[in-house]
Structure formats: structure tokens, C-alpha cells
Amino acid sequence: MNSKGWKIREPDGIYFLTFTTVQWVDVFTRLEHRLVLLESLEYCQINKGLEIFAWVIMSNHIHLVVRSKENFKLSDTIRDFKKFTSVKIKRQINTRIESRRSWMKDVFETAGKNNKNNWYFQLWQQKSHPVLLSTNYMLKQRINYTHNNPVKAGIVLEPHYYLYSSSSNYADLGGLLKVNVLQL
């Protein structure tokens, strides 16, 4: 599919998004890096009109089922989220104890230098590949896919056991982020 197919065309639509680290580097094995993502998502909910229906943080990528509230643009929120988290995680890599520091810096700095849109450091792969979820079937399928990622990865036996996911919200167990639970 050409780049024209990967745009947010329906401003009121619900989208499935995936953000993946450059070279699939396992950045989010560290709690402090996961917390950056959680804090940023919460900030986007409060200040940028982001509605979250499902999410999961894996070791090297995140999945989201989201939309923007009226008067907000999802593409702007995505841009700001990726930029903020990249800067904050770069700072953490540079200033905190990190056994993989020089390797990670080399990977992310090389990616940044090789990207015409980013000249010094790149945490996230360029594309987010938004998928418009236009039917209840598509919504249910992507929410289940999102929640079952940790099960497929062999991390947990049941989706709601994974802390860094909205699956527990759907099981009425609360969660780390507030989400709009969909009844499908």
C-alpha cells in the first residue's frame, strides 16, 4: 500500500495504531520507560482530547485503539506523543543506569542520522499505520488482538493478568489508565 493509504482520513473515526521502536529494540523492558509512555498517554487524554479504548505496551512496541475528541487532531496527538516520549526516553538512556546505553544510543542515533525527517535521534519507526476501525467486528477484532499480545508472547496465561494493558479494564479490574470500555 502506498503512503497515501496510511493517513488519518476520518477525524471522528476510531483507529488502531502501532508504534514500534527502531530495529525492534526492547526499550520497554525498563519500568521507567514504560512509565514515560503511560504518563504521556494520560497527558494526551487530559490535554489533547485522546480517547483510548484499548492499549498494550510490549517490550518494543505499543498498540492503541483510539480516537480524538472534537476540535482535536489525532495526527497532531500522535506526532506530539512520539516526539515527547522519544526526547524523554533519550534523556533517561543518557542519564540513568542502562547496561545497553552505548548500543542503544548507536542504534537510535544512526537511525536519526539516516532519516531525512529526524537528524539526531530516532526512537520510533517512522510509520504508525493507522487503521480505521469502521465496524463493530473490526473494533472487537483489534481490541482482542491488542489484549492478547502478551498471551501470544508467552508473558501471561490470560490477557487481564498483564499489567501494561487495558485488558483489566475490560475485566472490571481497573487499570493503569482510564479507558472507554466498549460493549461489543
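Closer than 21 Å to ASN118 by Cα, in contact with a Phe, Trp or Tyr (Cβ under 6 Å, 6 or more places away or on another chain) and surrounded by 17 or more Cβ atoms within 10 Å (Cβ to Cβ): is that true of LYS88 in this structure?
Details: closer than 21 Å to ASN118 by Cα: yes; in contact with a Phe, Trp or Tyr (Cβ under 6 Å, 6 or more places away or on another chain): no; surrounded by 17 or more Cβ atoms within 10 Å (Cβ to Cβ): yes.
Judged against the criteria, LYS88 is not a match.
In the range 92-116, of all residues being in contact (Cβ under 8 Å) with a residue 40 or more places away in the chain and in a loop (DSSP other than H, G, I, E, B), the one that is farthest from TYR43 (Cα to Cα) corresponds to GLU98.
Residues in the range 19-40 that are closer than 15 Å to GLN92 by Cβ and aliphatic (A, V, I, L, M): VAL25, VAL27, LEU31, LEU35, VAL36, LEU37, LEU38.
Considering the range 117-132, the residues that are assigned to a loop (DSSP other than H, G, I, E, B) and hydrophobic (A, V, I, L, M, F, W, C) include one that is nearest to LEU64 (Cα to Cα), namely LEU123. Taking each residue of the range 40-65 that is over 18 Å from PRO11 (Cα atoms) and looking for partners that are of a type in the set (D, E, K, R) with beta-carbon atoms closer than 7 Å, six or more apart or interchain, yields ILE57/ARG34; SER59/ASP26; ASN60/ASP26.
When we screen ILE89, ILE52 for residues that are closer than 30 Å to GLY154 by Cα, part of a helix (DSSP H, G or I) and touching a helix residue (DSSP H, G or I) at 6+ places or on another chain (Cβ under 9 Å), the only hit is ILE89.
The numbers here are math on the coordinates, done by the rules we state, and not lab data. What you see is a predicted model, and the numbers here were worked out from it, not measured in a lab. Don't worry about glycine lacking a Cβ; one is built from the backbone with ideal geometry, like all the others, and counts go over all protein chains shown.
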